[in-house]
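Structure record follows, encoded as structure tokens.
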Amino acid sequence: MESKELIQDYKINGVLNIEQIYNKFYNYVNKIIINNSKGFLEDEDIEEIISDTFLILWKNSQKLDQNKYIKPYIAGITKNLIREKMRKKEKFLSILDYENSFEIKESIDLIIEEREKVNNLKEIIKKFNTKDKEIFELYYYEAKKIKDIAIILGISEVTVKQRLYRIRKKIKKIIEKEGRI
């Protein structure tokens, strides 16, 4: 039930236990960075983002809604830091370097293209019913196993598999109809 843990679960005497959060969500944050940076960030950048994520969470601990889940906060902070780091890196690339380096240009083009695809997919998913959105997000964004999704949602594994199949089929139909992604 990792994704259902509330912020209040991590508070001890009203203070956020950042060490426990760090130990529990380090790999989760690292995975978000790797998936969103597409190899564009160096190891030092990744470590800096991880540290900054937990530092920002700690600094803003009084502003956090105790009845909300902690994972979305962590994911949001991490993604914002990745965007900020990517912007800084892009600023340091001179125009000549950009024009002369096909590899860098290709990387930036791929990143932009991937972002557009993700945004288009998010728009498609927004139209789905709540249960389908939840199944899709647990499977694709949180990398949960079908068995775990079934337990979290209180449905059978067969139902999860069927819904994932239908979701993919629906997405494919929308993509073919609208010609996007």
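The values are calculated or read from the model by the stated rules, or taken from the named source; none is laboratory data. The structure displayed is predicted, hence computed values, not measured ones. Every residue, glycine as well, gets a Cβ built from its backbone with ideal geometry; the counts of neighbours run over all protein chains shown. Surface areas here come from the heavy atoms of the whole protein model, side chains and all, with no ligands, DNA or RNA. Shrake-Rupley method; radii C 1.70, N 1.55, O 1.52, S 1.80 Å.
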What does the accessible area per residue of region 132-181 come to in Å², with a 1.4 Å probe and no ligands, DNA or RNA counted?
68 Å²
Hull surface divided by four, with the convex hull built on the Cα atoms of region 108-181: how many nm²?
5.2 nm²
Expected vector for region 22-31, Karplus 3J(HN,Hα) from phi with 6.51, -1.76, 1.60 and θ = phi - 60°, integer Hz, x for Gly and Pro, equals 4, 5, 6, 10, 4, 5, 4, 5, 4, 5
Can you tell me the length gained on complete extension of the stretch Lys161 to Glu142, counting 0.36 nm per residue apart and subtracting the Cα distance?
5.2 nm
Based on the Cβ-Cβ distance of Arg87 and Asp43, what FRET efficiency does E = 1/(1 + (r/R0)^6) give at R0 = 25 Å, to the nearest 0.05?
0.80
Spin-label pair Ile151/Leu64, simplified geometry with 7 Å Cα→Cβ offset, distance in nm
2.3 nm
At Lys126 and Ile175, where each label point lies 7 Å from the Cα along Cα→Cβ, what is the point-to-point distance in nanometres?
2.0 nm
